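Down below is the structure, laid out as structure tokens.
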Amino acid sequence: MFGSIVFIVWQGLLMTQGTNPELSQGDLYSFLMVTLLMAASIGSLPDFYSGIQKTIGGTEKLMDIINESSESELFKGTDKPEIDGSIRFENVRFSYPQRPEIEVLKGISFELNRNETLALVGTSGGGKTTISSLVLNYYKVSQGAVFFGETNADSIDIKYLREHIAIVPQDVLLFAGTIFENIAFGRPGASEEEIISAAKQANAYDFIMSFPDGFKTQVGDRGIQLSGGQKQRIAIARAILKNPTILILDEATSALDSESERVVQDALEKLMKGRTCIVIAHRLSTIRNANKILVLQNGQIVESGNHSDLMATSGAYSDLVKMQINLG
Ligand SMILES: Nc1ncnc2c1ncn2[C@@H]1O[C@H](COP(=O)(O)OP(=O)(O)O)[C@@H](O)[C@H]1O
Ligand SMILES: [Mg+2]
């Protein structure tokens with residue numbers, strides 16, 4: 001390229017020489033300037049094109065999100081029946097919308113009375129978390145129905161329904177903000193005394209006050225890192241503040257060392273009193289006291305009953321219990 005530039009300039013200069021030049025010096029300069037500008041513009045075209053391609057790709061993804069229908073369009077229920085804590089699953093079949101060909105729940109039926117505890121146990125991938133998502137009405141069932149009292153979940157206002165349900169998940173999500181705000185998220189509008197009292201009941205007060213900023217400590221991406229047990233106690237404080245009719249504990253102590261597990265377990269037992277509870281893969285002591293135990297394998301209930309019934313049959317449940325004991 002530089003060779004050809006040198007050649008053209010050289011030829012151009014030659015043409016401006018002599019007594020009767022073919023080209024004036026002014027014309028040569030204009031020619032060179034115009035050519036340079038054109039070359040630079042053409043050279044930038046590929047960059048420009050790939051930029052447009054990237055933008056189109058990004059915009060498509062963005063439009064997919066913008067065009068996604070909101071929950072209030074999908075769940076049109078408006079009923080506000082009394083939620084007393086009784087739950088019934090009637091032959092529920094379910095596949096996730098992203099993978100419609102794989103049936104995750106294959107005909108699940110059970111009935112849970114007010115203030116009873118249901119324990120879900122079984123191999124991972126069995127469908128335990130999926131059942132808890134259906135109780136929270138995160139998805140619509142494919143077949144069958146979920147009832148709260150005598151009302152089909154489909155016809156209940158989901159915002160109203162979720163005011164009565166709290167979940168302590170395995171991976172607690174903390175928002176960027178203070179510890180105070182993160183607990184208050186359980187029930188927006190709660191007073192300061194209520195939040196402090198919830199933290200005390202969750203055995204979280206002492207570790208919160210050990211930080212220099214106390215309840216004003218920043219957590220989340222830009223704040224301090226809390227340990228798994230500390231996060232879980234904040235989630236428990238949230239649930240206590242919410243005072244739900246129905247409580248879901250999804251592997252709530254599985255990520256803890258034994259010291260923090262004892263403290264968290266203690267807080268959980270207080271929280272479980274006087275509510276309908278669904279506990280997943282929890283400590284044997286909680287499962288043993290549950291009113292009903294469902295053993296799930298590949299989306300089916302393979303055994304159900306209480307602890308002594310299931311131990312007597314020496315099936316999948318008693319195998320699981322033996323394994324836990326062996327693990328110490
Ligand atoms: N969001 C999802 N989208 C698609 N498939 C999922 C989703 N969540 C879970 N699954 C699938 O559903 C099955 C049951 O999962 P899950 O209810 O989480 O089991 P468990 O809690 O008993 O370990 C698994 O096969 C899992 O791969
Ligand atoms: Mg799970």
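Residues in segment 204-219: is at least one out of contact with any strand residue (DSSP E or B) (no Cβ under 8 Å at 6 or more places or on another chain), closer than 30 Å to Lys80 by Cβ and of a type in the set (A, V, I, L, M, F, W, C)?
No, the conditions are met nowhere in segment 204-219.
Would you mind finding the one in Ile179, Ile236, Ile240, Ile248 that is within 16 Å of ligand 1 (Cβ to nearest atom) and crowded, with 22+ Cβ neighbours inside 10 Å?
The match here is Ile248.
Among the residues of segment 83-102, write down those that are in a strand (DSSP E or B) and either modelled with pLDDT under 95 or among the polar types (S, T, N, Q) (or both).
Asn91
Go through segment 103-158 and count every residue that is in a loop (DSSP other than H, G, I, E, B) and within 16 Å of ligand 2 (Cβ to nearest atom).
Matching residues across segment 103-158 total 9.
When you check Tyr139 against the structure, is it in contact with a Pro (Cβ under 8 Å, 6 or more places away or on another chain) and either among the aromatic types (Phe, Trp, Tyr) or surrounded by fewer than 16 Cβ atoms within 10 Å (Cβ to Cβ) (or both), yes or no?
The answer is yes for Tyr139.
Select from segment 182-203 the residues that are more than 23 Å from the chain's Cα centre (by Cα), part of a loop (DSSP other than H, G, I, E, B) and surrounded by 15 or more Cβ atoms within 10 Å (Cβ to Cβ) and list them in ascending order.
Result: Ala190, Asn203.
When you scan segment 95-114, how many residues do you find that are surrounded by fewer than 17 Cβ atoms within 10 Å (Cβ to Cβ) and either more than 22 Å from Asn289 (Cα to Cα) or of a type outside the set (Phe, Trp, Tyr) (or both)?
Residues in segment 95-114 being surrounded by fewer than 17 Cβ atoms within 10 Å (Cβ to Cβ) and either more than 22 Å from Asn289 (Cα to Cα) or of a type outside the set (Phe, Trp, Tyr) (or both): 13 in total.
Among the residues of segment 283-298, write down those that are within 16 Å of ligand 1 (Cβ to nearest atom) and either in contact with a helix residue (DSSP H, G or I) (Cβ under 8 Å, 6 or more places away or on another chain) or not in a loop (DSSP other than H, G, I, E, B) (or both).
Ile287, Ile293, Leu294, Val295, Leu296, Gln297
So that you can scan it fast, the table gives a plain yes or no per residue for (1) aliphatic (A, V, I, L, M); (2) under 26 Å from Ala267 (Cα atoms):
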position: Leu118; (1), (2): yes, yes
position: Gly127; (1), (2): no, no
position: Tyr138; (1), (2): no, no
position: Val146; (1), (2): yes, no
position: Ala153; (1), (2): yes, no
position: Ile158; (1), (2): yes, no
position: Val168; (1), (2): yes, yes
position: Leu173; (1), (2): yes, yes
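Looking at (1) more than 27 Å from the chain's Cα centre (by Cα); (2) in a helix (DSSP H, G or I); (3) not acidic (Asp, Glu), which is the only condition Ser304 fails?
Going through (1) more than 27 Å from the chain's Cα centre (by Cα); (2) in a helix (DSSP H, G or I); (3) not acidic (Asp, Glu) one by one, Ser304 breaks only (2).
Can you tell me which residue among Gln265, Gln230 is more than 16 Å from ligand 2 (Cβ to nearest atom), within 25 Å of Arg114 (Cβ to Cβ) and not assigned by TED's automatic domain parsing to the domain that holds Leu120?
Just a single option satisfies the conditions, and that option is Gln265.
For Arg222, work out the one condition from (1) surrounded by fewer than 17 Cβ atoms within 10 Å (Cβ to Cβ); (2) in a helix (DSSP H, G or I); (3) modelled with pLDDT under 80 it doesn't fulfil.
Status for Arg222: all satisfied but (2).
Filter segment 115-130 down to residues that are over 18 Å from Ser308 (Cα atoms) and within 16 Å of ligand 1 (Cβ to nearest atom) and give me whichever is surrounded by the most Cβ atoms within 10 Å (Cβ to Cβ).
Looking at the filtered set, the residue picked out is Gly127.
Applying the selection to segment 159-175, what residues are more than 16 Å from ligand 2 (Cβ to nearest atom) and either in a loop (DSSP other than H, G, I, E, B) or among the acidic types (Asp, Glu) (or both)?
Glu163, His164, Leu174, Phe175
Surrounded by 10 or more Cβ atoms within 10 Å (Cβ to Cβ), at pLDDT 95 or above and within 16 Å of ligand 1 (Cβ to nearest atom): is that true of Ser133 in this structure?
no
Being within 15 Å of Leu120 (Cβ to Cβ) and touching an Asp or Glu at 6+ places or on another chain (Cβ under 7 Å) is the filter; apply it to segment 305-325 and report the residue that is surrounded by the most Cβ atoms within 10 Å (Cβ to Cβ).
Tyr317
Looking at (1) assigned to a helix (DSSP H, G or I); (2) within 16 Å of ligand 2 (Cβ to nearest atom), can you tell me which one Ile240 breaks?
Of (1) assigned to a helix (DSSP H, G or I); (2) within 16 Å of ligand 2 (Cβ to nearest atom), only one is false for Ile240: (2).
The values are calculated or read from the model by the stated rules, or taken from the named source; none is laboratory data. Just so we're clear, the structure is a prediction, and the values are computed from it rather than from any experiment. Cβ: placed from backbone, ideal geometry, glycine included. Neighbour counts: every protein chain shown.
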